[in-house]
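Just below is one structure, and these are the notes that go with it.
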2 protein chains.
Amino acid sequence: MPTTDTKTAIMDAAQELMQRGGANAMSYQHISDAIGIRKASIHHHFPTKEHLIEAVIQRYATYFLGIVDGIVESKLDPVDKLRKYAGLFEATLCEGKQDKACLCGMLGAELATLGSSAAAGIRHFYRDNEARLARILEEGREKGAFHFKGDTKLVAAMIFSLLEGGALVVRAEGGHKRLHTMVEQTIKLLQR
Amino acid sequence: MPTTDTKTAIMDAAQELMQRGGANAMSYQHISDAIGIRKASIHHHFPTKEHLIEAVIQRYATYFLGIVDGIVESKLDPVDKLRKYAGLFEATLCEGKQDKACLCGMLGAELATLGSSAAAGIRHFYRDNEARLARILEEGREKGAFHFKGDTKLVAAMIFSLLEGGALVVRAEGGHKRLHTMVEQTIKLLQR
DNA sequence: AGTAACCTACCTACTAGTAGGATGTGCGCC
DNA sequence: GGCGCACATCCTACTAGTAGGTAGGTTACT
C-alpha cells in the first residue's frame, strides 16, 4: 500500500516538525525535503495546511488516548498508573533526535493562529486527558494510595498542566530527567 | 522623547503579538500595521528580528522579576506570596484583549527556532523564577505555612511548570478563572 | 554639518496553493 | 487475453502574497 505509506510519511514528518518548533515552523517545503517528495504532491494528500494539521492532531489524539486508556484499565497500582501516564510525556522528550514536546502542548501556544477545528481538536484532547487523569486519581483515593484535600478533577487539571508545561520548560534545561524528578515530587505531595 | 516612545511602542506591539501567537506569528508588517509606522523604520530601531525578540525578552524578564522580587521581599504571609505570584500569570490572561500567556512560556514552545541568546534569556527567566518560588516555599515551610515532603527546589520547578503550562492550557477552556482554581488546589496540597 | 528618525522603493527567499501533464494501476468490456 | 477508460499518484512549472532585510533619500533637531 504505497498510498497509505506516503500519507503516513507526510504526517510523521509534519508531526515531528510541529513537536519541535510548532505549527508555524512546519512548512510543506520542510516536509518535502524531509521525505523526498515534491511539495505539490503533499497538497494532493492534504489540500491545505489546515487539513494536514487537523489530521495530525486527530491521529495523535487517538493514538495517545489509546495508550492512556490501556494504562487506566490496567491492573497496575494507581500510583504506578500515574507514573506510567507521566512517563508518556517523558518518553516523548527522549524520542528520536530529542526535544520533542507533546504535540498538543506545542499547538496550545499557537492556538490563536490555528483554524477552528484544529483548536477544537486540541480542546478535546485536553478535556479527555484530564478526565482520564481524574479517574486514576479517584481510584487511587478510593484504594488509599492517594491522600489529598480538594477536588479530583482540579488535581487532574493541575497535573495535566504541569506535564504539558513541564515538557516545554525542561527542554530549556534538564530535559526528561528533570521532568521525571518533578513527577516524583508531585506524587509525594499526593501521597502523604 | 519621541525616540524612546517609538521604540517602546514597537516592543509593546511585538510582545503583544508574541504572547498571543508566538514569535513566528509576529512579523514586522504586523507591528507596522499595529502602530502606524513603516516596516523599514522598525529595522532602524531593531536591525533584525532576533534583536527585537531579544530586547523584548530582556525587558519582560526584568519587569516581571522586579515585581516578583517585590512580592518575595514583602511582609505578606508566604501563602499569600504564592497567591500573588500566581496572580501575575492569571492577570496576564485577562490583560487587554485577553488570552495572552506568559511571554517566556510561549517562546519556550518555539525554543528550537529561536536564536541562541534569546534562548539563553528564556533559560535564565526560568531559572530565576524557580529560585524566587523556592525562596517563598522555603520561608513558608519555616513559618509552618506549608507542610510538604521533598525538595523545595523541586516543588518550585513543579509549580512554575504548572503555571506556565496552565497559562497555555486554560486559554483553550476556562481562562484565568480556571487557572485560579488550579492554583488554589495546589496550595491545598502544600498546606495539609 | 552631523546625526537620529523616518520614509519610499526595492530585493531575495520563502510561504501556501494551483494548473496541467506524465505515469502508473486496477477494472469492466469485447 | 488484450483494449481502453477512470482514477490515483506524483511530477514540473507556475502564481500571488508575505517574510526579513537593504539602499538611499527626506526631514528635523542640535
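The values are calculated or read from the model by the stated rules, or taken from the named source; none is laboratory data. Please read all numbers here as calculations on a predicted model, not as lab measurements. Using ideal geometry, Cβ is built from the backbone for each residue, glycine included, and neighbour counts are taken over all protein chains shown.
Checking B:20, B:59 one by one, the residue that is within 14 Å of chain A (Cβ to nearest Cβ) and away from DNA strand D (no atom under 12 Å from the Cβ) is B:20 and no other. Of the residues screened, residue B:77 is one that is within 22 Å of residue B:148 (Cα to Cα) and out of contact with any Pro (no Cβ under 8 Å at 6 or more places or on another chain).
Go through region B:158-186 and give me each residue that's of a type in the set (Asp, Glu) and buried (at least 21 other Cβ atoms within 10 Å of the Cβ).
So in region B:158-186, the residues of a type in the set (Asp, Glu) come out as B:164, B:173, B:184.
Answer for region B:158-186, where residues must be of a type in the set (Asp, Glu) and buried (at least 21 other Cβ atoms within 10 Å of the Cβ): just B:164.
Condition (residue is more than 8 Å from DNA strand D (Cβ to nearest atom) and hydroxyl-bearing (Ser, Thr, Tyr)) applied to region B:48-55: is it met by at least one residue? No, because not a single residue in region B:48-55 is more than 8 Å from DNA strand D (Cβ to nearest atom) and hydroxyl-bearing (Ser, Thr, Tyr).
Counting only helices (runs of 4 or more DSSP H) that sit wholly inside region A:1-96, those with at least 1 residues that are touching a Phe, Trp or Tyr at 6+ places or on another chain (Cβ under 6 Å) and within 14 Å of DNA strand C (Cβ to nearest atom) are A:39-45, A:49-72.
From the list B:156, B:131, B:112, the lone residue that is in a helix (DSSP H, G or I), without any contact (Cβ under 8 Å) to a residue 24 or more places away in the chain and small (Gly, Ala, Ser) is B:112.
Scanning region A:160-183 for residues that are in contact with a Lys or Arg (Cβ under 8 Å, 6 or more places away or on another chain) and more than 8 Å from chain B (Cβ to nearest Cβ) yields a total of 1.
Does residue B:80 satisfy being surrounded by 13 or more Cβ atoms within 10 Å (Cβ to Cβ), of a type outside the set (Val, Ile, Thr) and modelled with pLDDT under 95?
no
When residue B:116 is tested against (1) within 30 Å of residue A:104 (Cβ to Cβ); (2) within 10 Å of chain A (Cβ to nearest Cβ); (3) not hydrophobic (A, V, I, L, M, F, W, C), just one condition goes unmet, and that condition is (2). Can you say whether residue B:99 is acidic (Asp, Glu), facing chain A (nearest Cβ under 9 Å) and within 18 Å of the chain's Cα centre (by Cα), as far as the supplied structure shows? Criteria met by residue B:99. Selection within region B:23-34: residues that are surrounded by 14 or more Cβ atoms within 10 Å (Cβ to Cβ) and of a type outside the set (S, T, N, Q). The member of this set that is farthest from DNA strand D (Cβ to nearest atom) is B:34. Taken over region A:65-89, residues that are under 13 Å from the mean Cα position of the chain (by Cα) and more than 13 Å from chain B (Cβ to nearest Cβ) amount to 7.
State whether one or more residues within region B:144-157 are more than 10 Å from chain A (Cβ to nearest Cβ), surrounded by fewer than 16 Cβ atoms within 10 Å (Cβ to Cβ) and closer than 24 Å to residue A:117 by Cα. No, the conditions are met nowhere in region B:144-157. Only one of the numbered conditions (1) at pLDDT 95 or above; (2) buried (at least 18 other Cβ atoms within 10 Å of the Cβ) is violated by residue A:189, and that is (1).
What is the residue count in region B:141-153 for residues that are of a type in the set (Lys, Arg) and in a helix (DSSP H, G or I)? Break it down stepwise before answering.
Pass one, region B:141-153, residues of a type in the set (Lys, Arg): B:141, B:143, B:149, B:153.
Right, trim to in a helix (DSSP H, G or I) and you get B:141, B:153.
Qualifying residue count, region B:141-153: 2.
A search for C-beta distances below 9 Å between a residue of region A:31-50 that is within 14 Å of another protein chain (Cβ to nearest Cβ) and any residue that is within 6 Å of DNA strand C (Cβ to nearest atom), counting only pairs 6+ apart in sequence or on different chains, returns A:49/A:27; A:49/A:28.
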